[in-house]
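Working notes, beginning with the structure itself.
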Amino acid sequence: MARALRETGLSQSALARAAGVDRSTISQLLAPETARMPNAQVVAACATALGVSSDWLLSLSDRPESAAQLLAASMSLTEAPRALVDERIFAWHREAEGYKIRHVPAALPDMLKTRALIEWEYAPHLGRTANQAIGASQDRLDWMRQANSDYEIALPIYEIDTFARAEGYYFGLSEEIRLEQLDRLELLATQLYPRLRLSLFDARKLYSSPITLFGPLLAVIYIGSHYLAFRDRERVEIFTAHFDRLVREASYGARDVPRYIRGLRAQITGLNLPMRSK
């Protein structure tokens, strides 16, 4: 309690008023020779006034933060605007520069998309500001591609399959844009390996929500309108193990993905090659 008073700058009288007790009660608790233990209500009131946890005041914990503060430090919920690379995502990438970035995207990864696909996808949402928004995001996308971080991306097979067929989310997407995008994916997956590792997993066997792991620092789950971010080591390790399983049990590893993409392209152009090799 004496340490907390020094660090907060509160006087004994101020603490007594905030805790709703007599100043003499605080003096007795601070006296080195006292053997008196306060009741739970006084402990809780003093802890609240001092901004620390009750357990820390009672020497039951070495962390002075309250449970709410610990939770806020380990987990946060932030808004996820409909944008290519918003301020929050970009800040997390910069924070984790040099660490491996592991990513399960909600759709095809933005950083690997052609401009034509980005315009098709974002223009309906951004309206007349689409070109401005895309231009503003281009520098950030370039930075992410060139940053001193390795990228490992795990994508469900159905995502790239439905893209190639212009089904579901990609309904109405022209053949020209699809072929250009597949060519780009094959090129990047080949040229940037091993700094970029793209694998395809079967969502019928393994499922994953959209998630990004920024090295050992942070795990972020995308839930649509918000990001749910975890910083405590235990949860980051759990999500990392989840991602590593997606890669370990992927149907197509990083070396096989270019071949798979060529098969998709061949099917679009009418060569009737099988979607999936057996």
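Exactly one residue out of ALA130, ALA123 is aliphatic (A, V, I, L, M), in contact with an Asp or Glu (Cβ under 7 Å, 6 or more places away or on another chain), assigned to a helix (DSSP H, G or I) and modelled with pLDDT under 85: that is ALA130. Considered as a group, the residues in the range 52-108 that are at pLDDT 85 or above and over 19 Å from LEU196 (Cβ atoms) include one that is surrounded by the most Cβ atoms within 10 Å (Cβ to Cβ), and that residue is GLU95.
Of the strands (runs of 3 or more DSSP E) lying entirely inside the range 182-278, the ones with 1 or more residues being touching a residue at least 40 places away in the same chain (Cβ under 8 Å) and more than 23 Å from ARG88 (Cα to Cα) are found at 196-201.
The values are calculated or read from the model by the stated rules, or taken from the named source; none is laboratory data. The structure presented is a predicted model; accordingly, all values stated were derived computationally and were not measured. Neighbour counts run over all protein chains shown; Cβ positions are idealised from the backbone, glycine included.
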